[in-house]
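> Sending over a structure as structure tokens; questions will come in a sec.
The values are calculated or read from the model by the stated rules, or taken from the named source; none is laboratory data. Since we're looking at a predicted model, the values are computed, not measured. Note: ideal-geometry Cβ built from the backbone for every residue, glycine included; neighbour counts use all protein chains shown.
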Amino acid sequence: MGNASQELQRLIDFEMEQGRENMDVSELLQKPYDPELAEKLYDPKQPMKNRITDIGPPHYAQFFPEVIKKNYGKWLKHEIIEPGVIKYTAESGDVVFAIRCATPRLITTDTIREICEIADKYCEGHVRWTTRNNLEFHVTDEETLRALLDDLKGRKYPGGSYKFPVGGTGACVTNIVHTQGWVHCHTPAIDASGIVKAVMDDLFEYFQSMKLPAQVRIALACCLNMCGAVHCSDIAILGIHRKPPLVEDERINGVCEIPLAIAACPLGAIKPATVEINGKKIKTVRVNEERCMFCGNCYTMCPAMPLADGEGDGVAILVGGKISNRISAPKFSKLVIPYIPNEPPRWPGVVKAIRKILETYAHDARKYERLGDWAERIGWEKFFEKCEIPFTEKSIDDYRLAYDTYHTSTHFKWTIHTKKFE
Amino acid sequence: MADVKKHDTPMLEELKKGPFPSFVDDIEAKGLKGKQECLDLLGQLELSYKHKETHWKHGGIVGVFGYGGGVIGRYSDVPDMFPSIAHFHTLRVNQPASKFYTTAFLRKLCDLWDNRGSGMTNFHGSTGDMVLLGTKTDQLEPTFYDLTHQMGADLGGSGSNLRTPSCCVGKARCEWSCLDTQAICYHLTQEYQDELHRPAFPYKFKFKISGCPNDCVAAIARCDCSIIGTWRDRIRIDQKAVRAYIHGELKPNAGAHADRNWGKFDIQKEVIDLCPAQCMWLEGETLHIDDSECVRCMHCINVMPEALRPGVDTGATILVGAKAPILEGAQLSTLVIPFMKMEPPYDEFKDFVDKVWEWWMEEGKNRERLGELIQRKSLQEFLRVTELKPIPQMVKEPRSNPYVFWSADEVPGGWDRDIKEFRKRHAA
Amino acid sequence: MAVNKEELKQKILEYATKKAKHKSKMYIKDLYKADPSAKPREIKNAANELVREGKLEFFSSGSTVMYGVPGYGKGVEEAFEEGEE
């Protein structure tokens, strides 16, 4: 595994002693890919033959750049020297620059190959991805850094967009964490990649600069399941359905296990039923539509209960969540705009709403103040007023623990919602 | 030009414009080089843009033999228009901890995926896996054989399994990390391969490991068991560097606010006054911290990274039960173990996990996350089964209602009483 | 209480086959009923061994995984194939 720091070597040695099978895959990787090997090894009649299972992921340390291995656990300080470039210094005096680039997450093998080409040319064949779908290239000297930045700037898609825009550090809008949307999911109410592209195009200046009061984390989830865990983001874009599932009586008993469909409903709103079609009694279900919260869990279990609807579906905007424990505790995002219609291909309503919130915050908040902390300081009534968002009953909770969000004091501010303070 | 059919996609054309990388350009170029699936995917997406509805449906029994997770079935509902993506299943491949790669690994993965699938990926899925997007049922086993035999890689979790653990960059590159995040992530992933690949639980279970309370993998919001680095000694102070910040020689917050003029750095206003514990003060130009009052929020360290560093007696705070809103509403993780050393072989932690799992497997309802079970059965019961002592750190404030569930053995004489004896003292 | 694994597997298989006639997909929780004296983990290990032997099979909705008995009930996949005719 090369020249690892003592601290790292100790961890590697411990796992070696556990007898892991794929600690070091370098020998495997030296061999070219053999497109015919699997067909020789796999026998559908004897599925256990030649089967390797439960080896888990290859050990992480073999993928570290040399400077990372050598200085593992011995880093001293870091500095963002320009947007997207972080300089790390180790106790040994070694330096590494991390160059951060956004990606759309949904990328082809051709893009990954291009990333490899860059990593081979400048980074000794290493590259990293972050939790927020950013790429990170590592170099150890200024000259290579400048050459790499120049190179990245010149790489564009035919339509003119940057392939690897550098940014996403410090007090900025970094890359949006998102789900699959219409590209590959069966329950989405909105697309993911298209909205992300439209919003990031609009906020691109904030991705490539550090002029906000604090970092702003934007996330998108295309339905209430929230695979993207958007519920603690500064700004969350959430896909919502607004029509209960249809029930295909003719088909349901053929394609679903009815008890599973019933059990799938979190609110117990699905009940068994029998209907008569052409004189034949047929088992089916009925939905108590008033209890439906449009989550789509039934459809996941039963393809005869679709709920997507071009006119009903759309976007809700939630704001003010955070993950970090810095200054204030982590908190949830709150629903401020209950519905914006789907407007493909560029969702102008969503883009406009987000820009208005972001710029009001940027103008108004104090240094280091996250969006949610700002809203709490000025009061949510002021948030709605300043952002010019109409307050509706949809922002008042009526689910579990709703009472926790009600205001039980006489402290409030005069805004357009009451009688304005003159 | 390869023999492929490009669909008319006027709306998606609009998503080639603008500076942010265009997934449409990427996928279309790949398609024109010979991957019909890419062009069909864009064709179907255009149709979704027209209808404002998805055109995917899901499927059940796809997977590799002996595994109950790692593959997600997906089918087009317009297969006649887009036959190459009629079946379009996803494989989740367990990423190396903290997502460093060599180009040798990535190139071979690309060769594999061009051969076995669509050539499209998500780098990465929300949970952390490398997601190979789109292949046919008959390619699943060969893909799995290729991954295990030629890459030394394996599938990640899905369904009611342990999901693929993930972690932040940790000590590999961050001076704040109080944990060997990759090592913990790798070890748990390896130790619990059976739980990762086969259904074991009422519902999904996630581990995430962040090296410090900045929590760069969002462990506190996203996972059933959050492992977050912390320390229990003093913040290390370099007073010379403190003075350098005061005099403007060092950039506050490591330069994170450099593109706006926020005025001269003011240590009182920007650090001391914002400290949530109010445990710092300045004497002349010497910074003092009452570490016994510190809650380790990281703000002062974030603002003056060259002057302040976390302590050296490091370990993890363990919190449990976070989840997205379905079903009972979103939950953040609840603090249950304020400090635990996290050193190989991690036995203390694994013992804790065993107790948690045993209880959840026994008591959890189908599709009930750990956080929901704790809500239903109470935090007290969770503490009893995990043999943890109740401490005030576990609550924001004590309860305000008096409805305590006393048990008989806590009351002298128990609950066996005689009404006749009672009536001797009190007339009816 | 450690039970004999082969016996436990037999019990699970009998239970699942009986159940499968009217409900072909079972949660792991349902299989606990095959032998209430066994620990959940023992049931899980035995059931997963039955899958490796091809006597039980997994059924995945993506978010949850269930057990089925080969030959009983409808896999969603088959259902789609038929539905498309």
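> Within region A:25-84, considering only helices (runs of 4 or more DSSP H) that don't extend past its boundaries, which have at least 3 residues that are in contact (Cβ under 8 Å) with a residue 60 or more places away in the chain, under 30 Å from A:F14 (Cα atoms) and in contact with a strand residue (DSSP E or B) (Cβ under 6 Å, 6 or more places away or on another chain)?
Details: elements: A:26-30, A:37-41, A:66-70.
Where helices (runs of 4 or more DSSP H) fall fully within region A:25-84, none carries at least 3 residues being in contact (Cβ under 8 Å) with a residue 60 or more places away in the chain, under 30 Å from A:F14 (Cα atoms) and in contact with a strand residue (DSSP E or B) (Cβ under 6 Å, 6 or more places away or on another chain).
> Which of the residues belonging to region A:111-163 are aromatic (F, W, Y) and within 13 Å of B:F123 (Cβ to Cβ)?
Taking region A:111-163 and keeping what is aromatic (F, W, Y), we get A:122, A:129, A:137, A:157, A:162.
Result: A:W129, single match.
> Condition first: buried (at least 17 other Cβ atoms within 10 Å of the Cβ), in contact with an Asp or Glu (Cβ under 8 Å, 6 or more places away or on another chain) and more than 7 Å from chain B (Cβ to nearest Cβ). Now tell me which residues in region A:20-62 satisfy that.
Selection gives A:M23, A:Q62.
> Evaluate the following for B:L147: is it among the hydrophobic types (A, V, I, L, M, F, W, C), free of Cβ contacts under 8 Å to residues at least 60 places away in the same chain and not assigned by TED's automatic domain parsing to the domain that holds B:S292? Spell out how you get there, then give the answer.
Working: among the hydrophobic types (A, V, I, L, M, F, W, C): yes; free of Cβ contacts under 8 Å to residues at least 60 places away in the same chain: yes; not assigned by TED's automatic domain parsing to the domain that holds B:S292: yes.
It is true that B:L147 is among the hydrophobic types (A, V, I, L, M, F, W, C), free of Cβ contacts under 8 Å to residues at least 60 places away in the same chain and not assigned by TED's automatic domain parsing to the domain that holds B:S292.
> For region A:127-178, what are the residues that are of a type outside the set (D, E), assigned to a helix (DSSP H, G or I) and either more than 21 Å from B:D259 (Cβ to Cβ) or in contact (Cβ under 8 Å) with a residue 12 or more places away in the chain (or both)?
Here is the first cut: in region A:127-178, the residues of a type outside the set (D, E) are A:127-135, A:137-140, A:144-149, A:152-178.
Of the ones still in play, those that are also assigned to a helix (DSSP H, G or I) are A:144-149, A:152-154.
Across region A:127-178, the qualifying residues are A:T144, A:L145, A:A147, A:L148, A:L149, A:L152, A:K153, A:G154.
> I would also like to ask the following. So if I check each of B:S158, B:S118, which one is within 13 Å of chain C (Cβ to nearest Cβ), polar (S, T, N, Q), touching a strand residue (DSSP E or B) at 6+ places or on another chain (Cβ under 8 Å) and over 21 Å from A:V25 (Cβ atoms)? Before the answer, list the steps.
Numbers: B:S118 fails: within 13 Å of chain C (Cβ to nearest Cβ).
Step by step, each of B:S158, B:S118 is checked, and only B:S158 is within 13 Å of chain C (Cβ to nearest Cβ), polar (S, T, N, Q), touching a strand residue (DSSP E or B) at 6+ places or on another chain (Cβ under 8 Å) and over 21 Å from A:V25 (Cβ atoms).
> I'm checking my understanding of the structure. Among residues of region B:403-428 that are among the charged types (D, E, K, R) and either in a loop (DSSP other than H, G, I, E, B) or within 23 Å of B:S378 (Cα to Cα) (or both), which one is farthest from the chain's Cα centre (by Cα)? So that I can check it myself, show each step before the final result.
First, pick out the residues of region B:403-428 that are among the charged types (D, E, K, R): B:409-410, B:416-418, B:420-421, B:423-425.
Next, only the ones that are either in a loop (DSSP other than H, G, I, E, B) or within 23 Å of B:S378 (Cα to Cα) (or both) stay: B:409-410, B:416-418.
On the way: B:D409: 41, B:E410: 40, B:D416: 50, B:R417: 52, B:D418: 56 Å.
Out of the qualifying residues, it is B:D418.
> Moving on to the next point. Hey, among B:L147, B:L140, which residue is within 13 Å of chain C (Cβ to nearest Cβ), closer than 30 Å to C:A46 by Cβ, in a helix (DSSP H, G or I) and not basic (K, R)?
Numbers: B:L147 fails: within 13 Å of chain C (Cβ to nearest Cβ).
Exactly one of B:L147, B:L140 is within 13 Å of chain C (Cβ to nearest Cβ), closer than 30 Å to C:A46 by Cβ, in a helix (DSSP H, G or I) and not basic (K, R), namely B:L140.
> Sticking with this structure for a sec: If you take the residues of region A:63-102 that are out of contact with any helix residue (DSSP H, G or I) (no Cβ under 8 Å at 6 or more places or on another chain) and of a type in the set (S, T, Y), which of them is farthest from the other protein chains (Cβ to nearest Cβ)?
Of everything passing the filter in region A:63-102, A:T89 is farthest from the other protein chains (Cβ to nearest Cβ).
> Can you find, within region B:205-224, the residue that is farthest from the chain's Cα centre (by Cα) among those that are of a type in the set (D, E, K, R) and facing another protein chain (nearest Cβ under 7 Å)?
Among those that are of a type in the set (D, E, K, R) and facing another protein chain (nearest Cβ under 7 Å), it is B:D215.
> Tell me the residue from B:A258, B:A200 that is small (G, A, S), part of a loop (DSSP other than H, G, I, E, B), surrounded by 14 or more Cβ atoms within 10 Å (Cβ to Cβ) and assigned by TED's automatic domain parsing to the domain that holds B:S333, please.
Working: B:A258 fails: assigned by TED's automatic domain parsing to the domain that holds B:S333.
B:A200 is the lone residue from the list that is small (G, A, S), part of a loop (DSSP other than H, G, I, E, B), surrounded by 14 or more Cβ atoms within 10 Å (Cβ to Cβ) and assigned by TED's automatic domain parsing to the domain that holds B:S333.
> If the requirement is being buried (at least 21 other Cβ atoms within 10 Å of the Cβ), of a type outside the set (S, T, N, Q) and either at pLDDT 95 or above or touching a helix residue (DSSP H, G or I) at 6+ places or on another chain (Cβ under 8 Å) (or both), which of these qualifies: A:V315, A:V287, A:V275? Spell out the reasoning first.
Numbers: A:V287 fails: buried (at least 21 other Cβ atoms within 10 Å of the Cβ); A:V275 fails: buried (at least 21 other Cβ atoms within 10 Å of the Cβ).
Just a single option satisfies the conditions, and that option is A:V315.
> Out of region B:10-24, which residues are farther than 24 Å from A:F164 by Cβ and not aliphatic (A, V, I, L, M)?
Of all residues in region B:10-24, those farther than 24 Å from A:F164 by Cβ come to B:10-11.
Correct list: B:P10 only.
> Still on this structure, please answer the following. If you go through region B:63-83 one residue at a time, do you hit one that is closer than 30 Å to A:G56 by Cα and surrounded by fewer than 22 Cβ atoms within 10 Å (Cβ to Cβ)? First the steps, then the outcome.
Residues of region B:63-83 that are closer than 30 Å to A:G56 by Cα, as a first pass: B:63-75.
Remaining after also requiring surrounded by fewer than 22 Cβ atoms within 10 Å (Cβ to Cβ): B:65-66.
Yes, some residue in region B:63-83 is closer than 30 Å to A:G56 by Cα and surrounded by fewer than 22 Cβ atoms within 10 Å (Cβ to Cβ).
> Among the helices (runs of 4 or more DSSP H) contained in region B:1-108, which hold 1 or more residues that are in contact with a strand residue (DSSP E or B) (Cβ under 8 Å, 6 or more places away or on another chain) and within 9 Å of chain A (Cβ to nearest Cβ)? Show your work before the answer.
Details: elements: B:10-13, B:23-32, B:36-51.
By residue number, B:23-32, B:36-51.
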